[in-house]
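Student: What follows is a single structure, and I will ask about it in a moment.
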Amino acid sequence: MYFDTHAHYYDDAFDADRDALLSALPERGVDLVVCPGCDLESSRQSRDLAERYGYLYFAAGFHPENLEGAALTDLGQIRTLAGHPKVKAIGEVGLTGELRSVSALGQRLSEVRRLGFTQCLIPARNSARFQEPDGLQLIRVKNIREALA
């Protein structure tokens, strides 16, 4: 059994054979896939794929590098996507080998809790001042290895 935890199958690079590739994954041992959205459009595309393939789930949100042109009203649409039964995570945090500080962490944690999540991975760096909101367990990690453990 394989679990592809981070696959951008909506990307243009898969246009030529997306359906054939995704249809073949289960017979090749890939039982689960999470497709993270990087912005509003790719979050919607990820949702569409999750609705089409039973083993595929998605994350809705914004990558820090994809905020140009984003508006606060987009968050309402991300909230709507977050209510989809196949959402398994919020956000594409853009981890590239190390965890970096997150801006407005307190606001993000409030939103995570409001959406009903019970656990949240956060960078250990600069996180000591944040207390766990009621019902939300903060898992402070120093690096990618800890995040995946």
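Rule-based calculations on the coordinates, nothing more; no lab input. What you see is a predicted model, and the numbers here were worked out from it, not measured in a lab. Note that each Cβ is placed from the backbone with ideal geometry, even for glycine, and that neighbours are counted across all protein chains shown.
Student: If packing is taken as the average count of other Cβ atoms within 10 Å, what order do 109-119, 34-44, 51-61, 70-80 fall into, highest mean first?
Tutor: In decreasing order of mean packing, 109-119, 34-44, 51-61, 70-80 become 34-44, 51-61, 109-119, 70-80.
Student: Check ALA124: other-chain or 5+ apart residues with amide H under 5 Å from its amide H, H built from backbone geometry?
Tutor: VAL141, LYS142
Student: Taking a quarter of the surface of the convex hull around the Cα atoms of segment 40-88, what do you get in nm²?
Tutor: 3.3
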